[in-house]
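Accompanying notes for the structure given below.
The values are calculated or read from the model by the stated rules, or taken from the named source; none is laboratory data. Note that this is a predicted model, so its numbers are computed, not measured. Using ideal geometry, Cβ is built from the backbone for each residue, glycine included, and neighbour counts are taken over all protein chains shown. With ligands, DNA and RNA removed, areas are computed over all heavy atoms of the protein, side chains included. Shrake-Rupley method; radii C 1.70, N 1.55, O 1.52, S 1.80 Å.
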Amino acid sequence: MNDTWGISGPTFLTYFIGAMIAIAIIAAVHRKALFRGNRSSRVDNLGPQQVAYLNGGDRLAIYSSMGGLRAAGALGTGPGRTLVRTGPLPAGVTPLDSAIYNAAGNGVRTRDLHSDQWVASAVEQLRDTLERNGLAVSAGKMREARLWVLGGVALVVIGIARTLAGLGNNRPVGFIILATIAAFILTLTMLRTRRWATDAAHKGMRELRSQHTYLSPANSPAYATYGATGAAMGVALFGGAALYSMDPAFAAEAEVQRIAATGGSVGSSGGGDSGSSSCSSGSSCSSGSSCGGGGGCGG
Amino acid sequence: MAETYGVGIGWRPEIAGFVEGLPGLRFAEVVAESVHAHGELPTGLQVLLDRGVTVIPHGVRLSLGGAEPVEEARVEHLAAVAERLNAPLVSEHIAFVRAGGIEAGHLLPLPRTREAVDAVVANVRRVQAAVPVPIALEPIAALFDWPDDELTEAQFLTEILDRSGAQLLLDVANVYANARNRGTDPADLLDHLPLDRVAYVHVAGGAEHQGLYHDTHTDAVPQPVLDLVTALCERHRPPALMLERDGDYPPAAALAGELDAIARASGYPAVT
Amino acid sequence: MSTPSLGDRQAALVEALTAGRPVPEGFDAFRFEAARVALLRKRAGEVARHWPMLATSLGDRWKHEFATWAAARPTRGSLRDGWDLARERSRHGALAPVAAVELAEREAAWRYDGTSGPRSRRTPTLGTASGAVAVQVAGRVWLLRRP
């Protein structure tokens, strides 16, 4: 019996796995360099929409602005899932706020906001500043990082070809199939990674998130107390779910997606506070509220 | 509480960020049932403790006034939370919240009878045996009274405190609500309570519906309640007073304004 | 005639307040009713915190709808009260799409048999409610179908 392609199985596997590991390592190192960003840049002086962009891109930046405008009483929903103005534009707003407020005046739907010309240019402006400061990963660098996907694809193709050839040659193919699957998963992982924040920004974002834990939807934060900036920051750090916790009717009407912010732990998994907590059995005040609220015979 | 703490606030997760931002805060209260006895503390609460703020666990579901003995697990939880928070004191209500296996979902008033005094005192003693720090008892606001009261409110409360050795958590909003709904003078109750046993004081808002004053904790603190704070402090100033707000939270400025109003009414320094 | 014990009288009071039983003798009916209504209002607010989409989907009618449903049902905790109400509305085809999504996601994430407290599920599960379908794998929930 001849070895398939004149290379023995173990030798081929060694090269194949070696190439896979090499691609993974080089891609990771390349990414590290591409995504490093500017270490001297700080995130603690960024506005909520900039933080939102770093956490979830264009869409989260738009949601964050919507959260702020909603908390300020400037934005509502109209018929057909459109946005409408419900009050004057508050003072001290960002260009993105003005753009969304303007779009609301034209009855634009949330999902079409990003293609509104004024909104798109405001987001672009936001992104440019962040990229210049070494906080955001540019689209170009993201493309560059994804070049290694080609190496992964090549491996998968070779793996499949070898498997087919091995089958024709009546050779065992179990290991090469496993290795090809591994190469496929590696490729998919490289392809799916989408990030907006550089490593420099990431660290700061983590700190920002822990400083603002009180804005996490798990705490049902009182947005009236935290104001428009708090609302915008809540969405920026904890994703679209924060809009639902702030104003479920508005968020549902506006068809806000419950996208999670990249670092946030807020999924759409329901249940919220656990039903098996120490005080849930028949409790009517299991989530921290004392029994006084809203009622009439309080303590 | 032996020390003087001044003005505090009820810590709630919804306003954790606001409470954290109060520079002069020296004491706060947390609903005991919302704190895990062993798991991690809510971050905002941990921050307060790290800053040296005294945090008092406030039970709402022990049902001290229930005819049946308090549930051991609940008492143990309260004790564990007190230890966790390193609290100098715990507090609960003179009320019952369940009977015959049904949860009322609320604090319900007791008949002011000797039988009820016996029941409360027996339960307070059970708690005292398990919890290493003193307990303060809070009289509640009730929209209705039992038909067969034998004692006045002052007699009822004094008897419970005397026999159990517990301290008093006086809620001036409850005093105001009860007096207003019964058509009596709130200052009169202050004159007949052992004010030297007040550990701390609750101040809360309410609203009137259909001629009855509801102690909602979701409305602003009305001026008469603040006046009652002043009347109380003129008689005997308690070591600590706190704002109790449970929902419909207003903008931060309004909440800070309420804390300042309590500070003014009591003569303590502002914490905002 | 012997007077009933404190425990019996407390039980009668709680039943009147939460389970639709008549007001015990001697109580001021107007004030007792005010307390009963206030309690239902408070419960509605707490359930709305746990079930925001259910409450939102009923808008201004939420408090009334909840109070009607809960008038003779003592609370079993806000999470379960909302769950029971959502399931009942789902059975009657009266669950709005946003509330159906909320229910389906919870059904996928938690095991709730209606008689004891919900427990989080360990195995992958599909949750359905009024046309909404959600799937839970390893604690994460995805919505598969919106009604």
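The sole residue among A:VAL51, A:VAL43 that is assigned to a loop (DSSP other than H, G, I, E, B), in contact (Cβ under 8 Å) with a residue 24 or more places away in the chain, at negative phi and surrounded by 13 or more Cβ atoms within 10 Å (Cβ to Cβ) is A:VAL43. Scan region A:106-135 for residues that are out of contact with any helix residue (DSSP H, G or I) (no Cβ under 7 Å at 6 or more places or on another chain) and not in a helix (DSSP H, G or I) and the total you get is 4.
Considering every residue within region A:184-197, establish whether at least one is modelled with pLDDT of 90 or more, open to solvent by 60 Å² or more (accessible area, probe 1.4 Å), among the aliphatic types (A, V, I, L, M) and over 15 Å from A:GLY57 (Cβ atoms). So far as region A:184-197 goes, yes, one or more of its residues are modelled with pLDDT of 90 or more, open to solvent by 60 Å² or more (accessible area, probe 1.4 Å), among the aliphatic types (A, V, I, L, M) and over 15 Å from A:GLY57 (Cβ atoms). Only strands (runs of 3 or more DSSP E) whose full extent lies in region B:162-226 are considered here, and the ones with at least 2 residues that are open to solvent by less than 60 Å² (accessible area, probe 1.4 Å) and touching a helix residue (DSSP H, G or I) at 6+ places or on another chain (Cβ under 9 Å) are B:167-171, B:198-204, B:212-214. Does B:ALA263 satisfy the criteria of being hydrophobic (A, V, I, L, M, F, W, C), open to solvent by less than 10 Å² (accessible area, probe 1.4 Å) and assigned to a strand (DSSP E or B)? For B:ALA263, the condition - hydrophobic (A, V, I, L, M, F, W, C), open to solvent by less than 10 Å² (accessible area, probe 1.4 Å) and assigned to a strand (DSSP E or B) - is not met. Scanning region C:75-133 for residues that are within 11 Å of another protein chain (Cβ to nearest Cβ) and open to solvent by 40 Å² or more (accessible area, probe 1.4 Å) yields a total of 8. Just checking, does region B:15-26 include any residue being within 14 Å of chain C (Cβ to nearest Cβ) and open to solvent by less than 10 Å² (accessible area, probe 1.4 Å)? No, the conditions are met nowhere in region B:15-26. In region A:63-80, what residues are over 18 Å from A:ALA91 (Cα atoms) and assigned to a loop (DSSP other than H, G, I, E, B)? A:GLY78, the sole residue that qualifies.
Residue-by-condition table, conditions (1) part of a helix (DSSP H, G or I); (2) under 18 Å from the mean Cα position of the chain (by Cα); (3) closer than 21 Å to B:PRO194 by Cα; (4) not small (Gly, Ala, Ser):
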| site | (1), (2), (3), (4) |
| --- | --- |
| B:GLU68 | no, no, no, yes |
| B:LEU78 | yes, yes, no, yes |
| B:VAL97 | no, yes, no, yes |
| B:GLY105 | no, yes, no, no |
| B:ASP118 | yes, no, yes, yes |
| B:VAL133 | no, yes, yes, yes |
| B:ALA136 | no, yes, yes, no |
| B:ASP148 | no, no, no, yes |
| B:GLU159 | yes, no, yes, yes |
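Residues in region C:19-51 that are of a type outside the set (D, E, K, R) and under 12 Å from the mean Cα position of the chain (by Cα): C:LEU40, C:ALA44, C:GLY45, C:VAL47, C:ALA48, C:HIS50, C:TRP51. For region A:207-223, a residue qualifies if it is facing chain B (nearest Cβ under 10 Å) and either touching a residue at least 40 places away in the same chain (Cβ under 8 Å) or among the charged types (D, E, K, R) (or both), and the qualifying residues are A:SER216, A:ALA218, A:SER220, A:TYR223. Quick check: is even one residue across region B:114-127 within 10 Å of chain C (Cβ to nearest Cβ), at pLDDT 95 or above and open to solvent by less than 10 Å² (accessible area, probe 1.4 Å)? Yes, region B:114-127 has at least one match. The condition (being closer than 30 Å to C:ALA12 by Cα, in contact with a helix residue (DSSP H, G or I) (Cβ under 6 Å, 6 or more places away or on another chain) and surrounded by 20 or more Cβ atoms within 10 Å (Cβ to Cβ)) is satisfied by just one residue among B:LEU64, B:LEU108: B:LEU64. Scanning region A:1-40 for residues that are open to solvent by 30 Å² or more (accessible area, probe 1.4 Å) and within 13 Å of A:GLY134 (Cα to Cα) returns A:ALA33, A:ARG36, A:GLY37, A:ASN38, A:ARG39, A:SER40. Of all the listed residues (C:VAL23, C:VAL47), the sole one being among the hydrophobic types (A, V, I, L, M, F, W, C), open to solvent by less than 20 Å² (accessible area, probe 1.4 Å) and within 11 Å of chain B (Cβ to nearest Cβ) is C:VAL47.
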